[in-house]
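The values are calculated or read from the model by the stated rules, or taken from the named source; none is laboratory data. Source: prediction; values computed, not measured. Cβ atoms come from the backbone with ideal geometry, glycine included; neighbour counts cover every protein chain shown.
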Amino acid sequence: METNIVSRSRGWLDRAKTLIEAGEVVAFHTETVYGLGANALSDEAVLKIFALKGRPADNPLIVHVHKDYDISPLIDGEPPYAAALRRAFLPGPLTMVYPSTGKVSKYVSCGLDTLAIRVPSSPTAQAFLKAADLPIAAPSANLSKHVSPVTARHVFDDFNGKIPLILDGGACSSGIESTVLDCTGDIPQILREGLVTREMIVEAVGECGVYHAKSGERPKSPGMAYKHYSPRCKTAYFPREELEKAVACYREEEACGAPCFLCESEVCALLQGFRTLDLGRTPEEMARRLYALLRKGEQQATLLIGIEPREKGGVMAGVMNRMKRAFGVEHGTKES
Ligand code: AMP
Ligand code: MG
């Protein structure tokens, strides 16, 4: 199969619609990361996504819809704060989890009685979703466990010959996956941190919890239990206070391989003469650059050495979560 990287011209949007209606899979730009989309109403189409990615069968998918799509047939009621959240953050990088009516394929939510829905703001995503005018199940368009894709080329590198179309919208502006928010309880609860922060949600609706799975319990957001976002090279990770140890680790690798640091600008400046990949200065910049640099790192280095950024709150909660998982510091309980 030939894999075409295309723009959102009328002709290619019509082609995307035809493919989706035929139960095929289409990759598309969003403001967070690229998605691998298929008709959420079709069992066969949804199962194709799992097969293509090698995604574990108990890791549910997010359903994407355009901004005028009526989600009421898909959801079984909603709490009072949900409308205010939609007004404040949609379209945008917030996924809301609702009680499900079970209208979409049972494979989307992997047996959960809830459904995760997102309305992306990317014009390419909106044009694609409008053309399809169906609920589109779409995880990130990377092979399972690999680093999420933030350019069409990244998607191509993982799926060349396996999917017909990649709708190119340029580099993703947010750069890490959406915030996943459980909207089934009395107060909203963050299941996965992202660009819409707890502070922003509190500001909009007054209250917001952050979910942490208790040991032994099936996590509410099953995907968070998996090893994720891993570059295909050796990795090491050091807190900022252990920069000397990190340098020793670099020197040791240098004897036989090609080490490289991944760190914020301020630390890069201290590492003159070493190979570095610069995450940037602000939390938003670090979110935008992280995945592209992890992919660059795996191509250029035999050992990628992450240095923990200084800031921790707000958007950095999401960045730190992805970074630690990429470097294998925190990856829950499962290995696949
Ligand atoms: P990805 O599409 O690869 O960004 O992963 C989707 C994330 O959304 C995973 O972490 C899932 O566990 C989470 N998710 C999807 N559907 C649900 C749901 N119904 N309830 C809770 N989390 C969900
Ligand atoms: Mg993913």
Legend entry - Within segment 106-124, tally of residues that are more than 9 Å from ligand 1 (Cβ to nearest atom) and of a type in the set (S, T, N, Q): 3
Inset, instruction - Being farther than 21 Å from Val33 by Cβ and of a type in the set (Ser, Thr, Tyr) is the filter; apply it to segment 70-120 and report the residue that is surrounded by the fewest Cβ atoms within 10 Å (Cβ to Cβ). - result: Ser72
Inset, instruction - Determine, yes or no, whether Leu36 is within 16 Å of ligand 1 (Cβ to nearest atom) and not in a strand (DSSP E or B). - result: no
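Looking at the structure I just gave you, is Leu41 part of a strand (DSSP E or B), away from ligand 2 (no atom under 16 Å from the Cβ) and more than 20 Å from Glu193 (Cβ to Cβ)?
Values: part of a strand (DSSP E or B): no; away from ligand 2 (no atom under 16 Å from the Cβ): yes; more than 20 Å from Glu193 (Cβ to Cβ): yes.
In short, no.
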Inset, instruction - Those residues that are assigned to a loop (DSSP other than H, G, I, E, B) and within 11 Å of ligand 1 (Cβ to nearest atom), I need them from segment 150-182; list them, please. - result: Ile176, Glu177, Ser178
Inset, instruction - Enumerate the pairs (first residue in segment 140-167 and without any contact (Cβ under 8 Å) to a residue 24 or more places away in the chain; second residue anywhere and within 16 Å of ligand 1 (Cβ to nearest atom) and of a type in the set (A, V, I, L, M)) with beta-carbon separation below 6 Å, excluding pairs fewer than 6 apart on the same chain, so at least 6 apart or on different chains. - result: Asp158/Leu143
Legend entry - Tally of residues being buried (at least 17 other Cβ atoms within 10 Å of the Cβ) and modelled with pLDDT under 95 across segment 234-258: 0
Inset, instruction - Scan segment 47-59 for residues that are within 12 Å of ligand 1 (Cβ to nearest atom) and in a helix (DSSP H, G or I) and report the count. - result: 3
